[in-house]
Every structure is written in C-alpha cells, then in structure tokens.
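One structure is given here, and the rest of the page talks about it.
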Amino acid sequence: MGIVVDNLQRIREECEVLKMTDKQIKEIMCRLHNDLKKGLSRADHDKATVKCWITYIQDLPNGKERGKFLALDLGGTNFRVLIINLGENHFDMQSKIYAIPKHIMTGTGIALFDHIAECLANFMKEHGVYEERLALGFTFSFPLKQLGLTKGVLQRWTKGFSCSGVVGEDVVQGLKDAIARRGDVQIDICAILNDTTGTLMSCAWKNHNCKIGLIVGTGSNACYVEKTANCELFDGEPEKEELLINTEWGAFGDDGSLDFVRTEFDREVDVTSINPGKQIQEKMISGMYLGELVRLALVKFTRMGLLFGGQGSDLLFEGGSFYTKYVSEIESDKPGDFTSCMEVLEELGLSHASDADMAAVRYVCECVSRRAAHLVSAGIATLLNKMNEPRVTVGIDGSVYRFHPHFHTLMCEKIAQLVRPGLQFDLMLSEDGSGRGAALVAAVACREAEQGS
Ligand code: BGC
C-alpha cells in the first residue's frame, strides 16, 4: 500500500510541469496581447506569429436572410456538404459527411479539390438540386490570407493535411477549377470563411452580443470583432467601424514565446508531428494532440515503474493510440468510479491496471485538459480585455469543448478570474457553426449584393 500511495504521489509531482501558475498565465496573456497587436500592425505583420487576418466579412447576419444555400465544411476530421434553407426565424438543413482518405489529405491539391467537387455533385444529385444554380459558402479551416470575400491564399496546412501545390495559392480558384473540370454543376462560390467565423456568424444570427468565435476541436483558433481603426492592413471601404479578425492563434508560440511553460511531452508531440515548430499553442490545446500528450506522460511513468507495475502494452507504446475522446470519457467517470477508465485501459491492452493506476491515469488526463482549458481561457480573456466591451458572448464549437465534461466550467471559472473587473461574458455552444455559418455568410453576401444592385 505504501508503495502504491508513493507512486501516485510521485506521479502528481511529475505532473506539476503541466500546471501553469497565475503569474505564468498573466505573462502568456501579455505576450498574446502583444502578438495580436503585431499581427494587426502594418509594420510588424510580416514578422508576427499570430497573423490576425482580416476576413472581409463586415456584416453580421441580421436574421432577415432567406433562401436556399449550399455549404462546404473542410478542416476538421471530416468533410461535409450541406444544403440549408433559411426562413423566418428558422432554418432547415440537411448534410452528409464524407471521409477524406489519408492519401488525399497528404496527396496533391488537385486530387483534394476533385474529391470535394465530386462529393458536392453527388450530394446535389441526392438532394434533387443537381440542375439548379446555387450559391455556396465554403468553410475552409486553415490559415488563409484573404484578399476579398471570395479570394483566400493558403498560408500553411495544419491538422494533418499537407496537400501539395496549394500553399500560396487561392483556394477558391482551386475549387472553381475542379468544378469546371467536371463541367456538370452550376455553383456560385459567394464566400470563403474560417470555422471560427462561421461559428461567430451562426451565433450572431440569434445573439447580437456574439463577437468572438472560438473553436476547440481538432485544431484551435479564435476570431473576434475589432475596430477598423486598429486594423492597419485593411484597405477596403473605410465606412465600416468594425471588422472580423481571424487571429489564427494556433500559431502562438511558434517563436518560442510559450517555451517557458512547454514540457518534454509538448516537445515530443511537436517533433513527431508533420509540421514541427508550427502551431505550438494548438499542440497544447486541441483534440488532435491532447490524447497523445496524455499517452506520452503515461509511457514515461510506466517506464519509471510508477504505473501498471512497470508493464506497458504494445498499444500504449504506439504513437496516436490514446485518442482525445478517451480523455473526455475517463473524466466523465464520477469520483471514485473508474468504469470508463477501465474500458479505455482494456482497449489499450492494459487490463492489469490497478485502482491506483486508474486514479493516476485520470489525474494525468485532468492535468492535460485543465492546462488546455486554461490556455484557451487566457486567450479569450486577452480578447475580452482588448475589446473592452461591457458584455460579449463567445460562440464556441469543436469536439473538445463539446464533449469534454468539464471544459466549459473550467473556462467559465478561469476567464472570470482573468478578465478586467466589470466586463461580462457568456460562453455559448454554437449549433453547427461551420456549416450553418457558411450558408449565412453566403446569404449575407447575397443580401448585400441585392441591396447594392
Ligand atoms: C486552423 C484554423 C482553424 C482551427 C480550428 C487550425 O489548425 O489553422 O484556421 O480555425 O484549426 O479548426
């Protein structure tokens, strides 16, 4: 018994590196604030790690948008096609998920766009709109330098994608070309947007305080409403007072500014990823990496003889075998109950785990997910303080936020502690932001075009 208690105690001590003190969190906020300012500034933008791209979406929905729209959603684990009917105070939506095979994720850009266009055409056939000419909003959740609402140049791939020939190119053109190569469907691409933007738009349709969009899913990122006067790179119509900025905060830390809180596990996740040195903050927060961070810690503690009697399993030692959904499942167990934890460990070939091992595994999960929630909170509090508006709603989507049992509560507590006194905020789950948001952006673009004509 003494040894067991001792092991858990030692694991707790080892996990101290995963905790960020209030002082460290304040320092992170200060650095992020500076990086946001650099991203927005004409002089520093090129060197900035947090790029703060202008989205060219200047009008939030006013609830009066109507009509039938198509949407594409590419950027998480799946790719989806949607058809959305916007009516008075309601909308109906049908969608289909298509897999993106690994060889396409890492193949050529042409093959990727051909695949997307093929899924789109099949979807239109299945939904009886193959012959119609429809407007489409394209949610493309990777860092884009937007040159207009329908022109965006890919800056880098993230989240396991690495299709050749797309970085530096206009993604809308890539899709248009693929549609033209098929020659069978008629589509007007009205807008390209990020999933954070879609999330914000879809919440703003109902809630006019929604001025931040956040994703904590496969990747992580936030967008927010900024005063045009602070956006030095904006060269469009000056009459708009506010712009929507896609921060691309996943890249925060790429210049070493998070090194003071990174651990050996973070460095290992980074060097074994397909984009080493890139998306450093994202690798500490998002669903693509949280499970792997836990696994690396468990491997270390097993090798130290502190877990599983020093006996691992082939799967435990295999990269990527500990899914992020396991973290949510394990933390969903009631205190003292290890039902889900046991199931996960059995799946990993670790059925010899004792109760003390399970308590330790759960503790490691908690440390990793808490740190993620605290980093996200630091980011959101930085944005809230910068915006300095009395009450802001944050629209949120993504598998980690949606399925982790404590992420929402952890964020509420931490943001409340970090935000300037007097500022109020609400965290709102966005129902299908990327899909509905894309249709809404397309609808707003059409509304504007009609009003303009
Ligand atoms: C991408 C962002 C995206 C985020 C969430 C990141 O990897 O760079 O554009 O918003 O993932 O999907």
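The reciprocal of the average 1/r between distinct C-alpha atoms defines the Kirkwood hydrodynamic radius, which for the chain equals 22.8 Å. Peptides 428-434, 329-335 ranked from most to least packed give 428-434, 329-335, packing being the mean of other C-beta atoms within 10 angstrom over each peptide's residues. Other residues whose C-beta falls under 10 angstrom from the C-beta of K151 contribute a net charge of 0, scoring Lys and Arg +1 and Asp and Glu -1.
When the solvent-accessible area of the chain is split by element, carbon and sulfur atoms take up 49 percent of it, the probe being 1.4 Å. Phi angles of the range 79-92 translate, via the Karplus equation with coefficients 6.51, -1.76, 1.60 and θ = phi - 60°, into HN-Hα couplings of 10, 10, 10, 9, 10, 10, 10, 9, x, 5, 6, 8, 8, 10 Hz per residue; Gly and Pro are given as x.
The lysines within cross-link reach of K102, meaning a Cα-to-Cα straight distance under 17 Å and a gap of 8 or more places when in the same chain, are K159.
Within the range 96-194, DSSP assigns beta bridges of which about 40% are antiparallel (rounded to the nearest 5).
P(r) for the range 104-262: what percent of alpha-carbon pairs falls in each 5 Å bin, starting at zero? With 5 Å bins starting at 0, P(r) equals 2, 8, 14, 17, 19, 16, 12, 8, 3, 1, 0, 0. Residue ranges 283-289, 122-128, 152-158, 340-346 sort as 283-289, 152-158, 340-346, 122-128 when ordered by packing (mean number of other C-beta atoms within 10 Å per residue, highest first). Rounded to the nearest 10 degrees, the inclination of helix 22-40 to the longest alpha-carbon principal axis of the chain is 20 degrees. Pairs with C-alpha atoms separated by more than 29 Å, drawn from the list K151/K211; K151/K227; K68/K278; K64/K240; K37/K176; K240/K278, are K68/K278; K37/K176; K240/K278.
Scalar couplings 3J(HN,Hα) for the range 242-259, obtained by applying the Karplus form with A = 6.51, B = -1.76, C = 1.60 to θ = phi - 60°, are 10, 10, 9, 10, 8, 5, 6, 6, x, 8, 4, x, 4, 9, x, 6, 9, 4 Hz; x denotes Gly and Pro.
Compute the helix-to-body angle for 290-303: its Cα long axis versus the longest principal axis of the chain, expressed 0 to 90° and rounded to tens. Long axis of 290-303 versus the principal axis of the chain: about 20 degrees. Per residue, the chain exposes 41 Å² of solvent-accessible protein surface, assessed with a 1.4 angstrom probe and all protein chains in place. Distance from the alpha carbon centroid of the range 309-339 to that of the range 382-453 works out to 31 angstrom.
Per residue of the chain, the DSSP helices (runs of n ≥ 4 H) give a summed -39500 (n - 2.57) that works out to -13000 deg cm²/dmol at 222 nm.
Using alpha carbons only, how many degrees (0 to 90, rounded to 10) separate the axis of helix 433-452 from the longest principal axis of the chain? Between the helix axis and the principal axis of the chain, the angle is about 20 degrees. DSSP finds beta bridges in the chain, and of those with both partners inside it, around 60 percent are antiparallel. Subtracting the Cα-Cα distance of R10 and N385 from their residue separation scaled by 0.36 nm leaves 131.2 nm.
The values are calculated or read from the model by the stated rules, or taken from the named source; none is laboratory data. Predicted model only: the values in this text are computed from it and were never measured. In this analysis, Cβ positions are derived from the backbone assuming ideal geometry, glycine residues included, and neighbour counts consider all displayed protein chains. Heads up: the accessible areas ignore ligands, DNA and RNA and are worked out on the full protein's heavy atoms, side chains in. Shrake-Rupley method; radii C 1.70, N 1.55, O 1.52, S 1.80 Å.
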